[in-house]
Amino acid sequence: MTEPLLRVNEVGKAYPAGPGAGGRWRAILDILASGRSKGVKRVLGGVDFEVRRGESVGIIGANGAGKSTLLKMITGVLAPSEGRIETRGSVAALLELGAGFEPDVTGLENLRMNASFLGLSRADVAARLDDILAFADIGEAIHEPIKNYSSGMVVRLGFAVVASVRPDLLITDEVLAVGDESFQKRCIRWIERYLSEGGTLLMVSHNMYQVQKLCRHALWLEQGGVRAWGDVFEVTQSYLAWHERRDADSRERARAARLDGARYRVERLTLHPASDNGPLRIDVGDPLRVELALHSPDGRAPQALVGIVRADGTPVYGVATDHDEAVPARIDDHRFAIDLAFDGLPLLPGSYVVRAHAMDPEGLRLQDTVEAEFTVSGRSRALGLVELPHRWCTGDDADR
Amino acid sequence: MFRDLLLRDLRGRFVGSRSGWLWVVLTPLLLLAVYGFVFGVIFRARVPAGLDLPFVAWLAIAMWPWLAFQDAILRAAASMPEHANLISKVPLARDQLALSAATAAFVLQVAGFVAVLVALPLFGVAIAPQGLAAALLTLAVLFALAAGLGFFAAALRVFYRDLDQLLPTLLMFAFFLTPILYAPEMLPDHLQSLWMFNPVAGLMNDLRAALLHGQVLPGAHTLWMVPVSALVFLVGRAFFRRLAPYFEDYL
């Protein structure tokens with residue numbers, strides 16, 4: 001077994017109270033005496049993992065989970081309040097693109113300065129300058145002050161400098177999300193080559209695809225603690241599942257909150273034909289039946305409004321019961337039912353959503369919204385949303 | 001890295017003005033002319049008896065080294081908040097930031113000092129060239145002292161913002177407690193022995209002895225201050241380094 005490049009041992013961090021809170025002499029004495037500062041706002045605790053050569057790690061988690069704090073401690077920008085962090089080999093970090101760049105100074109000077117922060121000597125920089133400039137690909141702008149750069153150019157320059165260092169361990173904090181498509185691709189290609197040549201990456205990313213592609217292990221942080229650590233696919237998949245559950249929960253909660261004041265509700269929305277698993281799939285021109293069960297608190301029949309929107313939210317068609325003077329059928333004192341049938345749905349292939357709304361009997365206010373997804377499949381190559389009846393005519397066509 | 005930082009700090013003082021470097025020389029000369037007018041013409045200040053010198057020359061020899069000393073400490077103290085962005089994003093040796101800020105400030109004032117020394121013959125004073133080596137040693141001691149105190153100031157400033165207000169005032173006190181505008185002999189007898197406690201005062205006397213009187217050997221005070229200033233420098237740096245990992249928490 002190779003020695004780990006990075007060993008994070010039961011590390012925690014607590015920030016001190018804000019300025020003006022006093023106790024700072026105390027803090028100075030503490031640090032002088034013990035080399036540690038006791039904080040009061042605990043943001044991270046009990047983080048424990050190792051990174052071995054060639055075993056890249058992705059750090060994932062919601063905003064505020066402590067990812068950046070952890071990275072800062074690993075790079076040495078912050079000192080941990082508890083535990084130890086040991087690194088071996090060369091480490092280079094890109095915590096923020098353009099960090100350490102001075103706006104008034106030219107790109108070239110900033111490049112030199114940044115390279116020297118990363119431990120490159122002037123001679124190293126001179127030897128690698130052409131490579132760095134080629135990678136950054138910002139042309140003559142290198143002689144202009146950084147303040148005239150677009151953010152994409154700053155990113156390119158920052159990454160190019162780090163890339164030239166080729167550290168044993170490269171640490172990045174969500175920096176690949178900036179820059180244009182082609183530069184991102186170049187970065188990813190560079191990282192892949194770097195990894196294949198034995199480099200090791202420690203990255204924070206919200207892009208699970210990227211994490212799965214580049215990392216072997218993943219660390220999932222949640223509210224300042226480790227929620228999961230292990231194989232990248234297991235961890236990222238449970239992270240995504242957790243996210244979906246949370247989103248569904250919050251949608252459900254939002255609906256419940258809305259319903260508190262609402263009086264008329266959609267109790268159930270079902271699509272026919274039914275599907276066993278996942279969203280319903282139909283073909284172009286197939287029939288679709290939207291079945292609604294509605295709730296009325298006062299026994300009066302609510303109005304129903306049903307709409308079809310494309311998955312991106314573009315409305316396709318919407319119709320309400322009172323448009324057609326239809327009235328939901330009474331089941332009992334509070335329950336009503338009505339179906340909307342499309343005998344042949346001319347939708348083009350794609351993903352769609354049925355939105356069913358309950359309205360008050362006067363048809364004035366929307367009081368509840370429920371959605372169901374379905375997919376239309378088929379081989380049509382036509383463009384747009386719906387199949388329109390049509391024919392092509394030529395000049396000598398008789399029945400013009 | 002220190003060299004890059006130093007160059008950047010030196011350049012940073014003049015970014016935006018094309019003729020920036022000119023001001024390194026010009027400002028001290030203008031200031032010298034102002035002092036010459038104020039102390040020579042208005043106040044008619046006199047050098048201590050027995051010295052046949054214009055007051056302004058006598059003042060200038062101590063004034064610019066003091067400015068270098070003071071600026072180095074103030075700049076070092078300001079260096080951490082100035083580089084807050086760097087400190088929070090880039091792992092680097094933070095003591096180098098403070099040292100480079102202090103060095104840049106000191107070097108610039110010494111450059112002005114050199115310009116003033118060159119211009120002094122205009123006031124009818126010749127600088128004794130045989131004293132330059134001794135003066136250089138005294139300046140080196142002064143620098144080590146300033147950098148060491150600068151380390152303390154820089155580290156404490158991170159924890160106490162009040163230092164921004166306090167430090168200039170303290171240095172102003174120190175300025176008047178140092179024989180720059182006056183000669184130590186002008187104090188009443190019973191206060192004379194207090195000079196022992198002002199490490200800068202003796203250095204100023206040694207500078208005058210070297211540059212005005214052409215004393216070739218370094219003064220006793222300078223020699224005695226060599227180990228003391230080295231100690232202040234090392235202890236200051238150790239203090240700074242001990243606290244430095246926590247700067248980001250408090251900055």
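The values are calculated or read from the model by the stated rules, or taken from the named source; none is laboratory data. Worth saying up front: this structure is predicted, and the values here are computed from it rather than measured. Note that we place each Cβ from the backbone using ideal geometry, even for glycine, and neighbour counts take in every protein chain shown.
Does A:R36 qualify as being over 27 Å from the mean Cα position of the chain (by Cα), more than 14 Å from chain B (Cβ to nearest Cβ) and either over 30 Å from A:M208 (Cβ atoms) or surrounded by fewer than 20 Cβ atoms within 10 Å (Cβ to Cβ) (or both)?
When the stated conditions are applied, A:R36 does not pass them.
Test of understanding: among B:D71, B:D52, which residue is among the charged types (D, E, K, R) and closer than 18 Å to B:M204 by Cα?
B:D71
For the range A:74-113, what are the residues that are part of a helix (DSSP H, G or I) and either more than 8 Å from chain B (Cβ to nearest Cβ) or of a type in the set (D, E) (or both)?
Those that are part of a helix (DSSP H, G or I) and either more than 8 Å from chain B (Cβ to nearest Cβ) or of a type in the set (D, E) (or both): A:I74, A:G107, A:L108, A:E109, A:N110, A:L111.
So, in the range B:68-91, exactly how many residues are over 14 Å from B:D9 (Cβ atoms) and within 14 Å of another protein chain (Cβ to nearest Cβ)?
8
Give me the pairs: first residue in the range B:119-132 and at positive phi and in contact (Cβ under 8 Å) with a residue 60 or more places away in the chain, second residue buried (at least 16 other Cβ atoms within 10 Å of the Cβ) and part of a helix (DSSP H, G or I), beta-carbon distance under 9 Å, and six or more apart or on different chains, which are they?
B:G124/B:A57
Only one of (1) facing chain B (nearest Cβ under 9 Å); (2) within 31 Å of the chain's Cα centre (by Cα); (3) over 18 Å from A:L169 (Cβ atoms) fails for A:K41. Which number is that?
(1)
Sort through A:A136, A:A141, A:A127, A:A163 and tell me the only one that's away from every other protein chain (no Cβ under 12 Å) and free of Cβ contacts under 8 Å to residues at least 12 places away in the same chain.
Checking each option against the conditions leaves just A:A127.
Take the residues in the range A:16-33 that are surrounded by fewer than 17 Cβ atoms within 10 Å (Cβ to Cβ) and hydrophobic (A, V, I, L, M, F, W, C), then tell me which one is nearest to the other protein chains (Cβ to nearest Cβ).
The qualifying residue nearest to the other protein chains (Cβ to nearest Cβ) is A:L32.
Looking only at the range A:113-150, which residues are among the polar types (S, T, N, Q) and under 33 Å from the mean Cα position of the chain (by Cα)?
Listed by number, the residues that qualify are A:N114, A:N148, A:S150.
Name the residue, out of A:V266, A:V290, that is touching an Asp or Glu at 6+ places or on another chain (Cβ under 6 Å), crowded, with 18+ Cβ neighbours inside 10 Å and either assigned to a strand (DSSP E or B) or outside the structural domain of A:V370 (by TED's automatic domain parsing) (or both).
Criteria check complete, one pass: A:V266.
For the range A:65-97, what are the residues that are in contact (Cβ under 8 Å) with a residue 40 or more places away in the chain and at positive phi?
A:G66, A:G83, A:G89 - these are the residues of the range A:65-97 that are in contact (Cβ under 8 Å) with a residue 40 or more places away in the chain and at positive phi.
Which condition number does A:A337 fail, the rest of (1) over 11 Å from A:L292 (Cα atoms); (2) without any contact (Cβ under 8 Å) to a residue 60 or more places away in the chain being met?
Every condition holds for A:A337 apart from (1).
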